[in-house]
Every structure is written in structure tokens, then in C-alpha cells.
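Structure first, commentary second.
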Amino acid sequence: MSETEHDIALEDTDRIQGRAALVNNVKASIALAGAVRSTLGPRGLDKMLVEDDGSVLVTNDGVTVLETAKVDHPTARLLISASSLQDRSARDGTTTTILLTSELLQNSLELVRMGIHPSVILNGYNIALEESLKELKRISKKSNSSEMELAIVSTSLAGKIEKGTSEILTSCALEAAELLANEEGGDDLERLRIKRLQIDNGKMKDSRLVHGLVLAKTRLDKSTPSFSKDGKIVIIDGELENKKIGLEASIEISDIGILEGFHDRDAKKIQQIVNHFSSLGVNMLIVRDGVTDAAITPLKNAGIITYRRMERDDMELLSKITGSIPIRNPLNIGKEHIGKYTNHSEKLIAGVKYTSIEGKNKGGMTFIINGTTPEVRSEVRRAFDDALGVAHRLKRDAFTLPGGGASHIHLARHLRMFATSQSGREQLAIEAYAAALEIIPRVLAENSGLDPIDTILSLSAAQNNDLENGSWIGLDARTGQNISMEVAGILDPLFVAKHALSGATEAAISVLRIDDVLWAKQDAQTPDWQNEIEED
Ligand code: ADP
Ligand code: MG
């Protein structure tokens, strides 16, 4: 591009460079953190989000607030994606990630103002991160009892949902995670193997885990049984219809005999398929697509209970549960494709028929979410997703840390000492990193109506005075006391804390690297909260 072409290309953009770019980006991050700050911890407040169409969502979940907000500022979007990544990979710690990022950025701005170059700051932050991860691992404990697991999962739900429901979600999540523990697959196993089914009925507290597939569907022919036990099941990944015949029949047919000929052939083919199923001893047939009416009677006569039009996810889950292997062509089904179900039943709930099918493999389940409004059900669903996400990952990485700001206070104290081992200017960045970590206990105190400064000072002193178990002393936000988080049962998983720290550090560093922002003029918008922030 020539000079003039370059100038023309820039005509439609505003340009912010150097320190002004950093100031602007830090402001956006402060605004963002301000939007979720009051939701942190067990005493966090709810946010009411109003969509363009007037629909309302009430939530206490940081990442939901951010993902729903309409934000155009590029830095703000970068931070939101850090928080979403935290949500996907660790399922928890999203608000923490945003608060840490914003604090790291604010502190780095102070350093830049003192004349420290951003590259020194990002070096220092990286050193601090590495040291923090080591130290977190060192003070963590292996969760080796069901009480500890229970405490970890219920801490992740603190403040998200009322106590009675939280207890149910916690025990369902742990039960499901236990059943998945021996199954093969990655982190998304919890999503694939546990169907979430919302039922417009009952109370939140009636939500429960069913060991099998439950779906809002009834059998094809009502004269076949609505209950059955221990049967053979086949799944057709396609249809039981003869489309070809349908097509040919639409050709003008002058002689009525020709049409009957087609019907005969259709019926014969269906009978042949049903005979094949009978010879294999099949009791239940699942067809992903349609089933022709011509098949209803032959299937009934053969005593085969049939369900048609299945969602692919349901079909795959059923295949896992029963061991039946889906196959396209029904005539190709052999012994090796047949699965077994243990229980099958239908039930009418609030005017809708639900079918439940269970099998020998317990690694496939349905979580039934009760509640009479969609808002209530989606809040339960989000809370269950969090609880299950944490419980499932805990089975693979069982280490735990103290919650209630304890690990952050400990790290801050540790890093301040560690910083003195560095001879360069990085020392200042490590101290800034240490100070940034204190945002977590500070906001936990703030949200509980306690004085944040007093809380940090008293926590640091309490940790310092207990040489053996000091690092596990944190704030119980319910009572306002500084006590052992193990005793109080306020426990965070190590993997959540590690992810939050790495995610926040990476996000802050990527913002620090930006020293030139080009705004396309039509898009130049900062978050709505921007107005609340004082001008620099
Ligand atoms: P995040 O989105 O970061 O997970 P949460 O609103 O879930 O935010 O708050 C998590 C923080 O709340 C963790 O630091 C956890 O240790 C803390 N926490 C949970 N329960 C308590 C409690 N009873 N007292 C103090 N802190 C708590
Ligand atoms: Mg949480």
C-alpha cells in the first residue's frame, strides 16, 4: 500500500496510541468489572438483565451478565471472552477472572505512570503467575472424603440458588459425576451424557436425576404396553418408510391395479423387516425419523413397542445406555447391534406424556428440571451445569484450596516476599500482581457489608500468626469471621483457581501489548457503564 492509499484507508478510523490507548482499555475493564463486582460470593446480589424485546433474566452469574450485555468496546470483548473461556474450561470462577484482570490492568497503569515500560510489567506478571501456580499447588490438599467433595460443590453454588435446591443440585451433581468417573471421554462428557430436561411443573426442589433417558414422547401405538422390563432394543438411524414408492405413486396412475401393486410391495417389504426383528427377538424399536402407517399393525402384532422421531442427542444417549448400535438399514441389523433395556415406562406429567428408558450402563442420565416458569428453570439449569461441571472435573483433579479469599491473601503475602528475590524492575510488577490478588477478599468483604481494608489486614495477620495452617484461614462471609476454610467447609477446586489466575494474567498481558487502537468510526462505542467512570 502506498502512503496515500494508507492515509485514505485510515480516513474512516479514529486512532488512539500509546498510553492513551492503555488508559482507554483499562477504563473499559474497570467498567466491566464494575458490572459484575456485586455478584461475587455467597452474599452477592442478583442482576436483572432486560433484553431488547423486554424479556427479563435475573441472575447472579458473572459470565451470564457479561455474555448478555451489549458491549462493543474491543478490550471489553477480549475480557468477556477470557471469562467465557473460564466458564467453558473450569465451569466456575468467571467473576473472579474478570475482577483479577481488571485489577491487574489498573495496577499496571500505575506502573506505566511511574515510567515502567509495559514489557517489563508483562515479564513481571508472567514470573508472578508461574510462582503463584507453584504455590497454589503446594498449599492445596487432596479432597479425600465425600464431605470435602460436598463442600467444594456447594461452595460453587453459594449465593446462586436457594439452600434447599442447592443441596439437591449438589448431591445430584456428585452422583452423576461418580457414575461418569469410569467412562471414557473428555471434559464435555458431562454435557453429552447427561440430558437436561425441563418440565413445566412442580417446584425447583423436585428436580432430580434419573438413571436413563427421559423424553417428552409417547409410543407409536397405544395398544402396545406402556410399561415393560428387560427387553431387547434396536435403533434405526433413519426411517421406516418407503419414500420411493411414494414418489412413483404420484406419477399419474390410470389403472387402479398398478396402485394396489405398489401398496402390496410396500406392505411386503415392511412385513419382511418386522419378521427380521421378530427373528432377533426385538421388543423395542427406536426410529430416528418417520415410520409409515403401514408398519403400525405388523409391529403391534409382533409385540414390538415403537418410538419414532427422536432427536439425535437422545438417540446417541439411548445407544450408550442400552448398548444398541444405531444402523441405517433395518434389514442389516444383526445380533451385534441389539441392546438391552432394563425398564421402560410412560408417565403423564402436567398433561404431557413422558417416556423413560433405562439400561445396564449407568453412564447416561437425565436431569429433570422442575419449575413453573422458564426463568426459574433456566436458573436451576445454570446452577446444575456449574455444580456438575465442578463435580465432574473434581473426579479427575481432586485438589482443593481454601475459599473465602484465603488463597489470595496467602499468595499476596507469599509474592511480596518472593518479589525481593528479583533484582530488576520486575520486582515492582510482582508487587503490583500481589496487590491485585487482594481484590477477591476485598470484594467478598464488601458484598457482605464488612470493611474491606479491615478484613484484609485482619486476615493477613491471622494467617501470619498461624505458622502451620495460616494459609487456610479465610473469611466466612456468612458470619464475618476469619476461620479455617476447611472447618467452615468453604473450598474452591484447585483447577478453578489455576484457570482463573492464568486466564486473568493472559488477558491483562494481551491488553498491555496493545499500544495502538484503530476504531472504525461507525463502531466507535464504549460500554454503557463508561459514563460512570471518572475521566482520567
Ligand atoms: P465466580 O464466578 O468467580 O465463581 P462466585 O460468585 O461464585 O464467583 O464467588 C466465588 C467466590 O466466593 C470464591 O472465591 C469462593 O471462595 C467464595 N465463597 C463462596 N462461599 C463463601 C463463603 N461462605 N464465605 C466466603 N467466601 C465464599
Ligand atoms: Mg462460582
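The values are calculated or read from the model by the stated rules, or taken from the named source; none is laboratory data. Quantities reported herein were computed from a predicted structural model and do not represent experimental measurements. Please note: Cβ atoms are built from the backbone with ideal geometry, for glycine as well, and neighbour counts cover all protein chains shown. Keep in mind that these areas ignore ligands, DNA and RNA; they rest on the heavy atoms of the full protein, side chains included. Shrake-Rupley method; radii C 1.70, N 1.55, O 1.52, S 1.80 Å.
Some notes on this structure:
- Counted residue by residue at 0.36 nm each, then reduced by the alpha carbon distance between them, the extension gain from Glu375 to Met48 reaches 116.6 nm.
- Computed in the context of the full set of protein chains, the accessible area of the range 299-354 at 1.4 Å probe radius has 45% of its extent on carbon or sulfur.
- Cβ-derived FRET efficiency at R0 41 Å, Lys134 paired with Leu348, nearest 0.05: 0.10
- Its DSSP H runs of at least 4 residues, each contributing -39,500 (n - 2.57), put the calculated 222 nm mean residue ellipticity of the chain at -16000 deg cm²/dmol, to the nearest 500.
- Of Leu437, Ala176, Ser166, farthest towards positive along the dipole that unit charges on Lys, Arg, Asp, Glu beta carbons give the chain: Ala176
- Ellipsoid equivalent to the chain - semi-axes via the Cα gyration tensor, in Å: 56, 30, 20
- Working note: Cα atoms of the range 100-212, range along each principal axis, descending, whole Å: 61, 32, 27.
- DSSP finds beta bridges in the chain, and of those with both partners inside it, around 70 percent are antiparallel.
- Over 30 Å apart at the Cα level, from the set Lys160/Lys320; Lys195/Lys395; Lys163/Lys360; Lys195/Lys232, are Lys160/Lys320; Lys163/Lys360.
- Shown for the chain are the DSSP H helices of 30 Å or more along their axis, judged by Cα atoms, with a mean Kyte-Doolittle hydropathy of at least -0.5: 118-139, 256-279.
- Taking all C-alpha pairs of the range 213-363, those more than 23 Å from each other amount to 37 percent.
- When the Cα positions of Thr155, Ile305, Ala20 are compared along the charge dipole of the chain, Ile305 comes out farthest toward the positive end, with charges on each C-beta of Lys, Arg, Asp and Glu.
- Taking every protein chain into account, the 1.4 Å probe leaves Phe399 with about 50 Å² of accessible area, to the nearest ten.
- Per residue, the chain exposes 47 Å² of solvent-accessible protein surface, assessed with a 1.4 angstrom probe and all protein chains in place.
- Positive dipole terminus of the range 213-363, leading residue within Ala294, Gly238, Pro225 (C-beta point charges): Pro225
- Between Ala20 and Ile325, the modelled labels are 6.7 nm apart [label points 7 Å from Cα along Cα→Cβ].
- Label-to-label distance, nm, for residues given as Ser81 and Glu178 (7 Å Cα→Cβ offset): 4.1 nm
- Paramagnetic label zone (point 7 Å from Cα along Cα-to-C-beta, Met417; backbone N under 20 Å) in the range 441-464: 456-464
- The heavy atoms of His73 present about 0 square angstrom of accessible area, all protein chains included, probe 1.4 Å.
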